[in-house]
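Structure record follows, encoded as structure tokens.
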Amino acid sequence: MIVTEYNGLKMNYRQKRILEKLAQEDVLSIAALAQELSVSKMTIHRDLDALSRAGLISKQHGKITATARLRGVDPSLCQMCDRKIKERNVYILIGADGKKVHLCCPHCGLIAYSHGEDVWQCFATDFLHGHVITASQAHYLFEPDLRICCSPSVLAFASVEEAQKFQKGFGGQIVDFNLAVELLTKGRAEF
Ligand SMILES: [Zn+2]
Ligand SMILES: [Zn+2]
């Protein structure tokens, strides 16, 4: 894996080296990196912050790890927000080339769909029963008073009656696929 430019970020030799190392090791210590590359803490943090903004690494407690984006398609991590995917909320996009993209919940699924160029099929998971449903035919409860994954919460249901029952308890707005995409992409999107 040789990444030299990503998301508008032109990488310096240290950043390239860091990504190469991350291909071999899961976790790297920031202090050790500064030492190995013979630069100050400030410089290494500047390098790492740029990689982090590009969505390639996560920085935490003096250590860095590769994001799902950097690792490529990892079906256990959401391709939008890197959350660990739970089966009961999973959202799957299948491209025209047959490539599958796994997302953590309808929130990320619908946003990924709106970014995708040639999405061939799109599946959601029924929030109540846990079975796979065709995303374009699902009913979405938008922003109920129940945080299951990303915010604003979006729950998918195969049956509109069940969505309504849920709405009675938790509020929110029942919308179809297109409106859900619109609300998510127009509104504030926070993961
Ligand atoms: Zn996600
Ligand atoms: Zn999510």
Could you please find all residues in region 125-138 being farther than 11 Å from Pro106 by Cα and part of a strand (DSSP E or B)? Val132, Ile133, Thr134
The correct count of residues that are out of contact with any helix residue (DSSP H, G or I) (no Cβ under 6 Å at 6 or more places or on another chain) and either of a type in the set (Phe, Trp, Tyr) or within 12 Å of Asp176 (Cβ to Cβ) (or both) in region 143-165 is 2
Tell me, please, whether a residue that is within 16 Å of ligand 1 (Cβ to nearest atom) and not small (Gly, Ala, Ser) can be found in region 59-68. yes
Of the residues Arg69, Arg53, Arg46, which single one is under 19 Å from the mean Cα position of the chain (by Cα) and either at pLDDT below 85 or surrounded by 13 or more Cβ atoms within 10 Å (Cβ to Cβ) (or both)? Arg69
Considering region 146-166, residues that are in a loop (DSSP other than H, G, I, E, B), under 15 Å from the mean Cα position of the chain (by Cα) and of a type in the set (A, V, I, L, M, F, W, C), and then whichever is farthest from ligand 1 (Cβ to nearest atom), we arrive at Ile148
Looking at region 167-191, which of its residues are within 16 Å of ligand 1 (Cβ to nearest atom), loosely packed, with under 14 Cβ neighbours inside 10 Å and not in a loop (DSSP other than H, G, I, E, B)? Thr185, Glu190
With respect to the numbered conditions (1) touching an Asp or Glu at 6+ places or on another chain (Cβ under 8 Å); (2) surrounded by fewer than 19 Cβ atoms within 10 Å (Cβ to Cβ); (3) not assigned by TED's automatic domain parsing to the domain that holds Asn12, which one is the sole condition not fulfilled by Ser114? (1)
Ala31 fails exactly one of (1) surrounded by 15 or more Cβ atoms within 10 Å (Cβ to Cβ); (2) free of Cβ contacts under 8 Å to residues at least 40 places away in the same chain, namely (1)
Determine whether Val132 is touching a Ser or Thr at 6+ places or on another chain (Cβ under 7 Å), more than 12 Å from Ala180 (Cβ to Cβ) and of a type in the set (Val, Ile, Thr). yes
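The values are calculated or read from the model by the stated rules, or taken from the named source; none is laboratory data. Values in this document were obtained by computation on a predicted structure and should not be read as measured data. Ideal geometry is used to build each Cβ from the backbone, glycine not excepted, and the neighbour counts take in all protein chains shown.
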